[in-house]
Structures are given as C-alpha cells and as structure tokens.
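This report refers to the structure that appears directly beneath it.
The values are calculated or read from the model by the stated rules, or taken from the named source; none is laboratory data. Given the structure is predicted, the values throughout are model-derived calculations rather than measurements. Quick reminder, even Gly has a Cβ in these numbers, built from the backbone with ideal geometry, and neighbours come from all protein chains shown. Just so you know, the surface numbers come from the protein's heavy atoms only, side chains and all, with ligands and any DNA or RNA stripped out. Shrake-Rupley method; radii C 1.70, N 1.55, O 1.52, S 1.80 Å.
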Amino acid sequence: MTTNSPAPAAHLESLRRSWLADLEFLAPEAPQHLKVAEVDFLLAQWSQPHRRYHSVQHLTEVLTAVDELSAARTGDAVSTRLARVAGWYHDLAYDPQAAPGSNEHRSATMTRDHLNALGVTRGNVDVVESLVTMTINHDLDGGPAHLASWRHTAAVFHDADLWILSSPTDRYREYAEQVRQEYAHVPPTLFRQGRTAILADFLTRPVLYRTDLAQRQWESRARENVAAELDRLRA
C-alpha cells in the first residue's frame, strides 16, 4: 500500500524557492512575508494526510512536466510561470467525497482570492483561474474566450496535469492504487464503474495531449497504460 509520506525537507525547500521565483516575476511588489506565507499554506494543503495521489508528488510531477513542455518550444516567461502557478493551485481544495466539480470550483475561487491578495495582475489571475477550472473535464476547446490568446499556455498545463497517464508502468500502477485509496469510501463495484467511465472517455478522444512533444513522446504510452488499467478494471 502506498502512503502519503512527508516529502524530504530539501525537496520542499526547492519547491519553495521555485514558487518565490515565479511570484517575484508575477507579483514583484508583494511583500516577501506574504509570498512566504502563501507557499507555506500551499504546501500544507498539498501535504494533507488524506491525499494519496493529489499530493506533493503530483504537484512535483506537474511542475516538472510544465518545465519540460515549455523548454521544448520557445515561449515567453509569463506563459511558463502562469502554467506553473496553475499547477500549484489546481488541486488546492481536495475532498474525495465532494460533489463532481466542487473541488475544482473551490480551488479556482481560492486561486482568484489568493492571487489578487498577492497583487498579481487581473489578466494573469483570469488565466490561472481558467486553467484551474479547465481541470474539471480537461476540455481545452470549451474554455472561456480570454484563453484564446493563451492556447499554448493552456495546452502545456493541460498536458502536464495528464502526464501521469504516460508515466512508466510502475508509477502508473502506483498512481492507480493511490486513486483507489483516495476513494476507499466508494464500494468496489461503483468505483470500477466510475473509473472505467473516466478512462474510457480519454481513449475516445482523437488525441490525449495537445503539445507537439507530448503527442510525440507521451501519447502512445498513455493509451497503453489506460487500456491496461481498463482491462484490469473489467477483469
């Protein structure tokens, strides 16, 4: 059984430094003590004991994937930082027993409130909030109009959040087990039905990923992983 073990102190410190660097760029006038307090709050949320998949491990994987995808295509510094900040906030509120979409909407509301308090510009707050809301169904095409000029940013964040589907076999199996642990309150039959519906929907999409790199390097492995989990669920 996997557990939500505390992240090593050195890793948490590395995450803090990356957060502070991003906020120094996006909110240069925010007092340092507010930025430090915010990252401590964020890490505390991601470290809640009931989280198994939606933990610091997932946060780290998303941020790493954002950096990989951003490096593969020349982009502006704002775009990468907005995708990274969306990574920090997208699962900020996480209750496995909440109604569908509730966690994402709560996270989006907190995103707007917290980034406004830090002095991030309204336009950038709008983008990050919309990226967080997008994770309800990972539908890039149904987003708000103001995301049209941020298509690459949205694609990077979308793909980074779904990187786990293309992870190495051992990590994917660990991820699937972590998801089951988060939904331990759901009876096995109902869990299999719900999980099967989610995964089957991914396989019906013409493409899982939207960036060139992810389509080239992640798509095939992701489809193999998802198909294999569906076979296990249906066995």
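Observations, loosely collected:
Matching residues to (1) open to solvent by 10 Å² or more (accessible area, probe 1.4 Å); (2) among the hydroxyl-bearing types (Ser, Thr, Tyr):
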{"position": "Leu59", "(1), (2)": "no, no"}
{"position": "Val62", "(1), (2)": "no, no"}
{"position": "Glu68", "(1), (2)": "yes, no"}
{"position": "Arg73", "(1), (2)": "yes, no"}
{"position": "Ser79", "(1), (2)": "yes, yes"}
{"position": "Val85", "(1), (2)": "no, no"}
{"position": "Tyr89", "(1), (2)": "no, yes"}
{"position": "Leu92", "(1), (2)": "no, no"}
{"position": "Asp95", "(1), (2)": "yes, no"}
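- Segment 203-235 - residue that is over 19 Å from the mean Cα position of the chain (by Cα) and part of a loop (DSSP other than H, G, I, E, B) and, of those, farthest from Tyr175 (Cα to Cα): Pro206
- Reported count of residues in segment 70-95, each being of a type outside the set (Val, Ile, Thr) and at pLDDT 95 or above, is 14.
- Out of Gln57, Gln48, one residue alone is assigned to a helix (DSSP H, G or I), touching a residue at least 40 places away in the same chain (Cβ under 8 Å) and of a type outside the set (Val, Ile, Thr). It is Gln57.
- Summed over segment 148-202, the residues that are assigned to a helix (DSSP H, G or I) and closer than 19 Å to Pro96 by Cβ give a count of 23.
- Check on Asp159, in contact (Cβ under 8 Å) with a residue 24 or more places away in the chain and charged (D, E, K, R): yes
- Those residues of segment 101-138 which are free of Cβ contacts under 8 Å to residues at least 24 places away in the same chain, open to solvent by 60 Å² or more (accessible area, probe 1.4 Å) and closer than 26 Å to Leu208 by Cα, in sequence order: Arg106, Asn137
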